[in-house]
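Below: one structure, written as C-alpha cells.
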Amino acid sequence: MAAASAKSCWFVVLNPVSGRGRGWRDRQRIVAALRAQGLEVELAVSARAGHVQPLVAQALAAGHRNVLAVGGDGTVHEAANAVLEARADVRFAVLPVGTGNDFARTHGLPRDYAAAAAAIAAGRTRSLDVGEARFDDGRRRFFVNVAGVGFDAHVIERMPDRRWGRLAYLAGVLRGLAGYRPQEMRLVVDGERRDARLFVA
C-alpha cells in the first residue's frame with residue numbers, strides 16, 4: 001500500500017483472544033461496520049501477547065496515521081505505546097471487545113460496532129493525559145488508563161490463562177493474597193515525599 005493511501009486508511013489491530021474471542025468471532029462484522037461508514041480498512045491480527053505493539057509500530061513506519069485497537073485494556077496499552085513511541089500525528093481509536101474494558105468505560109466509548117464506526121467516521125476526538133513509567137533498568141512504558149504498584153501488579157503476575165476472563169483475575173487475587181506483604185515505597189507527589197509500607201499505590 002502506498003504511503004498516501006495508508007494515511008487515509010484505518011489500520012485495525014485485533015487481539016483474537018480478547019473477550020474470550022469476541023473480536024475474532026466478530027471480525028467480519030467489525031470490518032463491515034467500518035466500511036459501511038466509507039472507511040478504508042487494513043486488518044491485522046496479533047499472534048501472541050506483546051505482538052500488538054510491533055504490529056502498530058510497523059504500520060506507522062509504513063505511513064499509517066489512523067489506528068483502531070480492537071480488544072481489551074491490554075490491547076489498548078500495547079497499541080498506545082506504539083503510537084506514543086512513534087511521536088507522530090496519529091488518530092487513535094478503541095473498539096472495546098475485552099473482558100474489563102476499563103478504558104472504554106471511563107471514556108464512554110460504544111461497544112456497538114455500528115455506533116463505534118459512526119463515531120470514528122465522524123472524526124470526533126478528545127485529548128487525554130498520558131503517564132510515563134520509568135524503570136531502574138532504563139525501560140519506560142506509557143500508560144493512558146492506570147498504572148499500579150504493589151498488590152495489583154502482584155496479582156497480574158500470578159494470573160492464570162487470561163482466556164478465563166474475570167475468573168482469571170479472581171484466581172490471581174486469591175493466589176496473591178496468600179503470600180503478599182506490603183512493600184516499602186517512596187512516593188513523591190508535587191514535591192512532597194512520603195515513605196511508607198503500602199499494600200497498593
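The values are calculated or read from the model by the stated rules, or taken from the named source; none is laboratory data. For clarity, every value in this text was computed on a predicted model and none was experimentally measured. Note that we place each Cβ from the backbone using ideal geometry, even for glycine, and neighbour counts take in every protein chain shown. Side chains included, ligands, DNA and RNA excluded: accessible areas come from the protein's heavy atoms. Shrake-Rupley method; radii C 1.70, N 1.55, O 1.52, S 1.80 Å.
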TODO: Considering only the stretch 58-78, state which residues are assigned to a loop (DSSP other than H, G, I, E, B) and in contact with a Cys (Cβ under 8 Å, 6 or more places away or on another chain).
DONE: His64
TODO: Go through the stretch 69-84 residue by residue and tally those that are out of contact with any helix residue (DSSP H, G or I) (no Cβ under 7 Å at 6 or more places or on another chain) and over 16 Å from Gly131 (Cα atoms).
DONE: 0
Open item on the list: Quick test of your reading of the structure: Ala88 fulfils all but one of (1) within 16 Å of Phe103 (Cβ to Cβ); (2) modelled with pLDDT under 95. Name the failing condition by number.
Closed with: (1)
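Considering Ala93, Ala196, Ala168, which residue is part of a strand (DSSP E or B), over 24 Å from Asn66 (Cα atoms) and open to solvent by less than 50 Å² (accessible area, probe 1.4 Å)? Before the answer, list the steps.
Details: Ala93 fails: over 24 Å from Asn66 (Cα atoms); Ala168 fails: part of a strand (DSSP E or B).
Answer to the selection: Ala196.
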Open item on the list: Conditions first: (1) of a type outside the set (S, T, N, Q); (2) open to solvent by less than 60 Å² (accessible area, probe 1.4 Å); (3) at pLDDT below 85. Ala147 passes all but one, so which condition is the exception?
Closed with: (3)
Open item on the list: Considering only the stretch 49-65, I want to know if a residue exists there that is surrounded by 20 or more Cβ atoms within 10 Å (Cβ to Cβ), within 20 Å of Arg111 (Cα to Cα) and either of a type in the set (Gly, Ala, Ser) or in contact with a Lys or Arg (Cβ under 9 Å, 6 or more places away or on another chain) (or both).
Closed with: no
Open item on the list: For the stretch 79-90, give me each residue that is assigned to a loop (DSSP other than H, G, I, E, B) and in contact with a strand residue (DSSP E or B) (Cβ under 9 Å, 6 or more places away or on another chain).
Closed with: Val90
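Step by step: first the residues of the stretch 1-19, then only those that are under 20 Å from Gly71 (Cβ atoms) and over 16 Å from the mean Cα position of the chain (by Cα), then the one that is surrounded by the most Cβ atoms within 10 Å (Cβ to Cβ). Which residue is that?
Of the stretch 1-19, the ones under 20 Å from Gly71 (Cβ atoms) are 9-19.
Filter again for over 16 Å from the mean Cα position of the chain (by Cα), leaving 9-10.
Values: Cys9: 18, Trp10: 23.
Only one residue tops the list, namely Trp10.
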- [ ] Kindly list the number of the only condition in (1) open to solvent by less than 10 Å² (accessible area, probe 1.4 Å); (2) farther than 20 Å from His107 by Cα that fails for Trp24.
- [x] (1)
- [ ] Output the helices (runs of 4 or more DSSP H) that fall wholly within the stretch 1-57 and possess 2 or more residues being among the hydrophobic types (A, V, I, L, M, F, W, C), or say none.
- [x] 3-8, 27-36
Task: Contacts under 8 angstrom Cβ, first residue in the stretch 25-54 being over 10 Å from Ala117 (Cα atoms), partner β-branched (Val, Ile, Thr) and surrounded by fewer than 18 Cβ atoms within 10 Å (Cβ to Cβ), 6 or more apart - done: Arg27/Val45
Task: Selection count, the stretch 131-144, where residues are surrounded by 11 or more Cβ atoms within 10 Å (Cβ to Cβ) and part of a loop (DSSP other than H, G, I, E, B) - done: 1
Task: Inter-residue pairs, beta-carbon under 7 Å, first closer than 9 Å to Ala33 by Cβ and in the stretch 100-119, second open to solvent by 40 Å² or more (accessible area, probe 1.4 Å) and at pLDDT 95 or above, 6+ apart - done: Tyr113/Arg29; Ala117/Ala36; Ala117/Gln37; Ala118/Gln37
TODO: Starting from the stretch 129-147, take each residue that is within 19 Å of Asn101 (Cα to Cα) and touching a residue at least 40 places away in the same chain (Cβ under 8 Å) and list its partners that are loosely packed, with under 12 Cβ neighbours inside 10 Å and among the small types (Gly, Ala, Ser), counting only C-beta distances under 8 angstrom and pairs at least six apart or across chains.
DONE: Phe142/Gly131; Phe142/Ala133; Phe143/Gly131; Phe143/Ala133; Val144/Gly131
